[in-house]
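The values are calculated or read from the model by the stated rules, or taken from the named source; none is laboratory data. Values in this document were obtained by computation on a predicted structure and should not be read as measured data. Every residue, glycine among them, receives a Cβ derived from its backbone with ideal geometry; neighbour counts consider all protein chains shown.
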Amino acid sequence: MTRPDTEARWQAIWAQRGWKARLLWPLSQIYRALIAWRRRRYAQGRQPVERLPVPVIVIGNVVVGGAGKTPTVMALIAHLRVRGWSPGVVSRGHGRLGDGLLELTPGTTAAEAGDEPTLIHRSTGVPVVVAKRRADAARALLAAHPEVNLLLCDDGLQHLALGRDIAIAVFDDRGTGNGWLLPAGLLREPWPPAAKDPFSPQFVLLQRRAGSAPVLPPALPAGATSFAATRRLAGVARGPGGDERPLSGLTGQDLVAVTGIARPEVFFEMLRDQGLTLSRCVALPDHAPPDAYQAVLDSPSSTVVCTEKDAVKLFALAQALPADKRPSLWTVPLELQLDPAFLAALDQRLEGLHASARLSSPHGHQTA
């Protein structure tokens, strides 16, 4: 059984409280106790929480698998720039080789930094630093970029060592699954958080595909507000050289679709919804290494479509081949439309932090 098949089986187990999930429930209670002990240590100051001279917005999810964190980070960067902020991004860089501190450059590969940080950096151009400890990444980023006056922490809800000013929990159509913790359910931490939990998110973002039913909000933490977000495929496809063509121009062709994301079937369904014909679907593990994509490069006569997350690995791999040995490669960007009410609430909270002198100067932070 392949790893994607195994992941799909786990997703099915976590969707309901069947006998397999019930067998794992005792283990989930051990996990719950460990999570509670860890959060208590940070809340009581036994483990230090590092505060920074700029506001920190944490974006993450409490369920296993991608729920839309990276598209949310990229959409927020675009909004914050319009509002006059100079954001930077810190991340652990899941799936990369090694765990040392690294600032991304245009030549940094996904193998070195992780596919999601690489995508964020190439798509937005903002400073991005990865490290095992996000606080280390944050300090290094601020030292190198004094113009940065706000940090986004990608996939950081469970990273409690970095102080947060705003936390955003992202959910997709799975909600909280069967409501149980790992390994009996989807949850990486108890939901909703306990009352007065200092790490509880202020915003809950419910993402759905365009044209699908609204996502039912899970139980909310005290004081939190939920908002909707809609994701759809862009109307264009982009090639390795930056060239674009209408997505509709791929209709009528037999396409090979490949992706290494947490729920590959969602991408395949979105392509089909656009009227595309998929002759072959290649589902790779989430954060698959670059060499896992080699199989789709063996047929130079084929046309291959992938997500932007896959493209940071697949396109680089294809560039090493002679031009006549490469298939036609296209990535289809994902567009995320955030509820204007959510953006207004976020702006209001940032203004409130400024009024309480929590924020640095809008012209950048001061370094020693």
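Working carefully through the options GLY66, GLY45, GLY100, find the one that is closer than 15 Å to ARG139 by Cβ and either out of contact with any helix residue (DSSP H, G or I) (no Cβ under 8 Å at 6 or more places or on another chain) or assigned to a helix (DSSP H, G or I) (or both).
Values: GLY66 fails: closer than 15 Å to ARG139 by Cβ; GLY45 fails: closer than 15 Å to ARG139 by Cβ.
Exactly one of GLY66, GLY45, GLY100 is closer than 15 Å to ARG139 by Cβ and either out of contact with any helix residue (DSSP H, G or I) (no Cβ under 8 Å at 6 or more places or on another chain) or assigned to a helix (DSSP H, G or I) (or both), namely GLY100.
What's the number of the condition ASP155 fails, among (1) closer than 21 Å to PRO87 by Cβ; (2) modelled with pLDDT of 95 or more?
The number of the failed condition is (2).
Could you check PRO240 against (1) at pLDDT below 95; (2) outside the structural domain of ALA295 (by TED's automatic domain parsing); (3) part of a loop (DSSP other than H, G, I, E, B); (4) touching a strand residue (DSSP E or B) at 6+ places or on another chain (Cβ under 8 Å) and say which number it fails?
(2)
How many residues are surrounded by 15 or more Cβ atoms within 10 Å (Cβ to Cβ) and closer than 14 Å to LEU329 by Cβ when one looks only at the stretch 233-242?
3
Mind checking whether some residue in the stretch 76-95 is at pLDDT below 95 and either part of a helix (DSSP H, G or I) or in contact with a strand residue (DSSP E or B) (Cβ under 6 Å, 6 or more places away or on another chain) (or both)?
Quick first cut of the stretch 76-95, residues at pLDDT below 95 only: 92-95.
Checking the rest, the ones that are also either part of a helix (DSSP H, G or I) or in contact with a strand residue (DSSP E or B) (Cβ under 6 Å, 6 or more places away or on another chain) (or both) come to 93.
Yes - at least one qualifying residue is present in the stretch 76-95.
Being modelled with pLDDT under 90 and closer than 28 Å to LEU233 by Cα: is that true of GLN319 here? If you could, list the steps in order and put the result at the bottom.
On the way: modelled with pLDDT under 90: yes; closer than 28 Å to LEU233 by Cα: yes.
Spelling it out, GLN319 is indeed modelled with pLDDT under 90 and closer than 28 Å to LEU233 by Cα.
So which of LEU52, LEU23, LEU27 is surrounded by fewer than 13 Cβ atoms within 10 Å (Cβ to Cβ) and not polar (S, T, N, Q)?
Working: LEU52 fails: surrounded by fewer than 13 Cβ atoms within 10 Å (Cβ to Cβ); LEU27 fails: surrounded by fewer than 13 Cβ atoms within 10 Å (Cβ to Cβ).
Exactly one residue qualifies, and that residue is LEU23.
When you check ALA219 against the structure, is it under 21 Å from LEU338 (Cα atoms) and in a strand (DSSP E or B), yes or no? So that I can check it myself, show each step before the final result.
On the way: under 21 Å from LEU338 (Cα atoms): yes; in a strand (DSSP E or B): no.
The answer is no for ALA219.
Out of (1) modelled with pLDDT of 95 or more; (2) surrounded by fewer than 19 Cβ atoms within 10 Å (Cβ to Cβ); (3) within 17 Å of the chain's Cα centre (by Cα), what's the single condition that is false for ALA140?
Condition not satisfied by ALA140: (3).
Could you check the stretch 1-20 and list, in sequence order, the residues that are surrounded by 12 or more Cβ atoms within 10 Å (Cβ to Cβ), in a loop (DSSP other than H, G, I, E, B) and hydrophobic (A, V, I, L, M, F, W, C)?
Passing the criteria: only ALA15.
Please report, ordered by residue number, the strands (runs of 3 or more DSSP E) entirely within the stretch 243-322 with at least 2 residues that are buried (at least 17 other Cβ atoms within 10 Å of the Cβ) and in contact with a strand residue (DSSP E or B) (Cβ under 9 Å, 6 or more places away or on another chain).
254-259, 277-283, 303-306
Out of everything in the stretch 117-135 that is modelled with pLDDT of 95 or more and of a type outside the set (Val, Ile, Thr), what residue ends up being surrounded by the most Cβ atoms within 10 Å (Cβ to Cβ)? Step through it out loud before you land on a result.
Of all residues in the stretch 117-135, those modelled with pLDDT of 95 or more come to 117-131.
Within this subset, residues satisfying the condition of being of a type outside the set (Val, Ile, Thr) are 117, 119, 121-123, 125, 127, 131.
Numbers: PRO117: 31, LEU119: 24, HIS121: 23, ARG122: 16, SER123: 17, GLY125: 11, PRO127: 21, ALA131: 21.
Per the stated criteria, the residue is PRO117.
Part of a loop (DSSP other than H, G, I, E, B), more than 14 Å from the chain's Cα centre (by Cα) and at pLDDT 95 or above, is that true of PRO146?
On the way: part of a loop (DSSP other than H, G, I, E, B): yes; more than 14 Å from the chain's Cα centre (by Cα): yes; at pLDDT 95 or above: yes.
When the stated conditions are applied, PRO146 passes them.
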